[in-house]
């Protein structure tokens, strides 16, 4: 199975929401030329920086789908309703981690020492030069790590550009990578009644 076929299968719902046929095709082209490890690796090789759902085999796929889902919620909250804006958000979210582990890593995402903090910038260059994706989408991918991005990518972050697309992609990725499952468990185990009774 080609990487394009894998993407069509695992991102069927997300790709189906992209109204522009041209953008959908460019997105599939990007996946077709993506490293094989994108389709097998966890979102975090150490397991420290993403919730349990995004860890383990295929975790990066689950993380990516979650980022798209969170971004769609944010689009509703920010009243981003145009078809073009929604398409751009979905494409940028689908491709934000396409080069997270580079081409030299194994199926678990281990082995590439080129620099994790540069993966957004590397992906943006790849998406623009080899895939022909629009600059605004590539810029959102380049800056999706916000304050954690490498120095060369800082100029593309929402903190510098104040671009709505960059903001949505950065926030969606940030929210999807939070360990809310741990926080929910901790909060659910609190005895709030006892704490209030002691006041």
- Task: Please work out the Cα center distance from the stretch 1-51 to the stretch 120-189, rounded to the nearest Å.
- Result: 16
- Message: Taking a ≥ b ≥ c as the square roots of the Cα gyration tensor eigenvalues, with a/c under 1.5 meaning rounded and otherwise prolate when a/b beats b/c, else oblate, which class fits the stretch 1-66?
- Response: prolate
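Per-residue ellipticity at 222 nm for the chain, helices alone: DSSP H runs ≥ 4 residues times -39500 (n - 2.57), over residue total, nearest 500 deg cm²/dmol?
Details: 11 runs with 108 residues, N = 199.
So the helix-based figure for the chain works out to -16000 deg cm²/dmol.
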- Note on the structure: Here the gain from full extension of residue 12 to residue 36, 0.36 nm per residue of separation minus their alpha-carbon distance, amounts to 6.8 nm
- Pairs of Cα atoms under 8 Å, at least six residues apart: use those to get the relative contact order of the chain, whole percent. 21
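At 0.36 nm per residue, and after removing the present C-alpha to C-alpha distance, how many nm does the segment from residue 125 to residue 69 gain when stretched out fully?
Contour length minus Cα-Cα distance gives 17.7 nm.
For the residues 90, 80, what sequence is obtained by ranking on other C-beta atoms within 10 Å, fewest first?
Numbers: 90 27, 80 18.
Lowest to highest Cβ neighbour count: 80, 90.
Could the peptides 20-27, 81-88 be put in order, highest first, of the mean number of other beta-carbon atoms found within 10 Å of their residues?
Values: 20-27: 16.5, 81-88: 14.8.
Answer by packing, highest mean first, reads 20-27, 81-88.
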- Note on the structure: Taking a ≥ b ≥ c as the square roots of the Cα gyration tensor eigenvalues, with a/c under 1.5 meaning rounded and otherwise prolate when a/b beats b/c or oblate if not, the stretch 1-137 comes out prolate
- Note on the structure: For the chain, longest principal axis from Cα atoms; helix 119-129 axis from its Cα atoms; angle between them, nearest 10 degrees, is 30
- Least to most buried among 93, 131, 150, 138 (fewest other Cβ within 10 Å first): 150, 131, 138, 93
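Quick note: the coordinates plus some simple rules give every number you see, no bench work behind them. Note that the coordinates shown come from a computational prediction; the quantities given were computed from them, not determined experimentally. Because the Cβ atoms are built from the backbone with ideal geometry, glycine has one as well, and the counts that use them run over all protein chains shown.
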